[in-house]
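Reading through the structure tokens given below for one structure.
The values are calculated or read from the model by the stated rules, or taken from the named source; none is laboratory data. Every value quoted in this text rests on a predicted model; they were computed, and no experiment measured them. With ideal geometry, Cβ positions are generated from the backbone for all residues, glycine too; neighbour counts draw on all protein chains shown. Ligands, DNA and RNA are stripped out before the accessible areas are found, and what is left, the full protein with its side chains, is counted by its heavy atoms. Shrake-Rupley method; radii C 1.70, N 1.55, O 1.52, S 1.80 Å.
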Amino acid sequence: MMESEVSWVPMLLPALLLLLCQLSSATAPFTIVAPAAATTALGPSPTPASSSNATAATTMTTTTSTTPPPPTPPPPHATTPPDVLEDASLSVPKLLKKYGYPVENHVVMTEDGYVLTLHRIPHGRRGKHSDSDDINSNRVRSLRKALRSTRRASSSTGIKRGAAGQRNGRAVLLLPGLFCSSAVWLIMGPKKGLGYILADAGYDVWIGNPRGNRYSMGHVEIPSTDDKYWQFSWHEMGEFDVPAILDYVTTATEQERVPVVGHSMGNTMMMVMGALRPEYNRLVSVHIALAPTVFLQHAHSPILKGFAALAPTVSTLTAMLGVHGLRPTLPLNESLKQLCREEAVLTQRLCKHAAFMLLGFDPEQLNVTTFPAILGHFPSGGSTRTLLHYVQSFTSGDFRQYDHGAKRNMARYGQPSPPAYNISMVDFPVAISVGDNDWLDSVEDVQRIARMLPNVVDYYRVPWPKFNHMDHLFAIDILELEYKHVMEVLDRFSSA
């Protein structure tokens with residue numbers, strides 16, 4: 001499938017949501033009404049006091065008076081807690097500092113010149129953190145030979161080694177999914193965000209941001225406004241981004257191997273790296289794959305099916321628009337945040353069902369109060385080609401390199417069709433976690449990849465029948481349903 005045929009597809013959903021945002025203004029104003037009492041950042045909205053008082057008054061009237069009781073006014077709409085709105089607008093470093101966690105920015109350059117930012121939480125909350133925990137920036141060229149040589153002279157890299165110059169705990173790397181950033185591991189707050197949970201458990205947490213998201217928009221030569229910048233998919237992220245990040249983290253922490261936890265595309269990148277860069281497999285102590293998006297042959301999502309069906313019909317429009325990337329924009333995130341807040345009753349319902357139509361229905365595990373926080377950070381940017389590569393996997397049923405068309409495939413690959421990734425080369429330990437109601441990563445497709453991998457050490461089906469694709473990050477009961485199991489696997493494979 002040619003890129004020019006469907007590169008407009010990523011614009012459909014944002015455009016639809018912005019249109020719905022305008023419709024929402026006619027039914028529910030965007031003015032945020034503060035709740036009557038203080039609420040927690042990500043908890044359920046409190047029951048309005050006026051509602052309970054009205055109910056009590058009605059009951060007393062019907063038992064003591066012969067006159068008909070006055071009609072009970074409808075309860076006011078729930079309001080989004082101020083902390084949720086604030087979290088939606090904060091950058092990842094500011095979000096971490098808000099909740100009392102240390103944070104570091106680390107800058108890594110890939111072999112093909114893309115500049116990535118890693119967010120590090122060196123340890124959990126320890127009261128007031130020291131100056132050494134403040135936001136900082138370190139730059140190092142992440143090439144294997146150069147970085148390996150710095151293990152004997154680490155000061156030359158400029159890599160910061162943690163608070164007060166002390167060795168931190170066991171390192172762990174988190175990788176986000178499609179159009180996501182490091183924020184997805186933190187949005188649910190200190191009690192349910194995996195980044196916080198791991199830091200409080202004594203881990204030295206590193207969170208990657210692949211090329212093209214709002215924290216990794218740089219390149220040594222090509223500006224992000226140039227179409228050439230966006231000529232990548234998760235193939236390049238696996239071939240270049242993940243190796244650069246692993247080199248950096250193992251050097252910075254002086255640990256030979258680190259565990260990796262990925263969600264969705266984070267696992268796709270790991271499979272590509274393991275297949276194309278097997279020399280890096282030894283740096284991974286275990287890969288915990290939450291919803292491993294590899295094969296999509298049995299995906300149930302009608303939205304994904306719609307993308308695939310529309311793709312061949314829009315090549316002319318794509319050529320006219322020249323759309324190659326979904327750039328992260330604060331106005332877009334602000335519009336989506338307002339669209340899906342609790343006050344916008346109609347459009348929030350549309351937001352919820354759009355998410356379910358793409359990822360699977362699980363209303364019991366969705367805390368709708370958190371929608372503004374989620375959409376304040378999603379989408380975080382990415383290339384059109386990345387989505388096209390997934391559409392290719394869905395339509396072909398295979399896990400192959402990007403299809404540039406027969407002529408360009410011959411020039412690039414020496415064959416008319418793109419080569420398949422050799423999954424048998426991915427020999428680091430893999431622990432798989434899958435939800436039965438995931439409309440993108442079906443159980444059938446996950447079982448297929450599990451059979452092909454040579455070193456599957458754990459296969460976990462989340463014990464909730466409606467568990468969907470986004471529940472791995474945002475489920476109300478995520479700690480009990482999945483993250484405790486993640487911690488058990490990490491304890492088995494992480495060395496102090």
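With r as the distance between the Cβ atoms of Glu444 and Asn105 and R0 = 45 Å, compute the FRET efficiency 1/(1 + (r/R0)^6) and round to 0.05.
Efficiency, from the Cβ-Cβ distance: 0.65.
Expected output is a single nm value to one decimal: the length gained when fully extending between Val345 and Ala420, i.e. 0.36 nm times separation in residues minus the C-alpha distance. What is it?
22.4 nm
Taking 7 Å along the Cα-to-C-beta vector as the label spot, tell me the Asp491-Asp477 distance in nanometres, rounded to one decimal.
2.1
Can you list the HN-Hα couplings for the range 349-360, worked out from phi with the Karplus curve (6.51, -1.76, 1.60; θ = phi - 60°), rounded to whole Hz and with x for Gly and Pro?
5, 5, 4, 4, 6, 5, 5, 5, 5, 8, 10, x
From the phi of every residue in the range 205-219, what ³J(HN,Hα) in whole Hz does the Karplus formula 6.51 cos²θ - 1.76 cosθ + 1.60 yield, where θ is phi - 60° and glycine or proline is x?
8, 10, 10, x, 10, x, 3, x, 8, 5, 9, 9, 9, x, 8
Give the Rg/Rh ratio for the range 428-496, taking Rg as the radius of gyration of the Cα atoms and Rh as the Kirkwood radius, to two decimals.
Rounded to two decimals, Rg/Rh equals 0.98.
Would you kindly find the accessible area of Lys352, with a 1.4 Å probe and non-protein molecules such as ligands, DNA and RNA excluded, rounding to the nearest 10 Å²?
Lys352 has an accessible surface of roughly 60 Å² with all protein chains in place.
Scan around Arg400 for amide H atoms under 5 Å from its own, H built in the peptide plane at 1.01 Å from N, and keep only partners 5 or more places away or cross-chain.
Tyr421
Give me, ordered by chain and number, the residues 5 or more places off Val261 or on other chains with an amide H under 5 Å from its own placed amide H.
Distant-sequence amide H within range of Val261: Leu173, Leu174, Leu175, Ile288.
Any chance you could look up the accessible area of Asp471 with a 1.4 Å probe, heavy atoms only, rounded to 10 Å²?
Taking all protein chains as shown, Asp471 has close to 0 Å².
Show Arg277, Arg492 ordered by accessible area, largest first, where the area counts protein heavy atoms only and the probe is 1.4 Å.
Accessible-area ranking of Arg277, Arg492, largest first: Arg492, Arg277.
In debye, nearest 20: dipole of the range 400-496 around its Cα centre with unit charges on the Cβ of K, R (+) and D, E (-)?
700
Under 8 Å for C-alpha pairs, at least 6 residues apart: give me the relative contact order for the range 377-482, rounded to a whole percent.
About 20 percent, as a whole number.
With θ taken as phi - 60° and the coefficients 6.51, -1.76 and 1.60, list the Karplus ³J(HN,Hα) couplings across the range 434-451 in order, rounded to whole Hz; mark glycine and proline as x.
For the range 434-451, the Karplus curve yields 9, x, 5, 10, 7, 7, 9, 9, 5, 4, 4, 6, 5, 5, 5, 5, 5, 5 Hz.
Taking +1 at the Cβ of each Lys and Arg and -1 at the Cβ of each Asp and Glu, which of Tyr421, Leu453, Gly405 sits farthest along the dipole of the range 392-496 towards its positive end, judged by Cα position relative to the Cα centre?
Final value for the positive-end residue is Gly405.
Tell me which residues come under 5 Å, amide H to amide H, from Arg170 once H is placed; ignore anything under 5 positions away on its chain.
Hits under the 5 Å cutoff: Asp204.
Excluding ligands and nucleic acids, what accessible area in Å² is computed for Met269 using a 1.4 Å probe, to the nearest 10?
0
Which of the pairs Lys337/Lys466; Lys98/Lys192; Lys98/Lys352; Lys228/Lys407; Lys191/Lys484; Lys352/Lys466 have their Cα atoms more than 18 Å apart in this structure?
Lys337/Lys466; Lys98/Lys352; Lys228/Lys407
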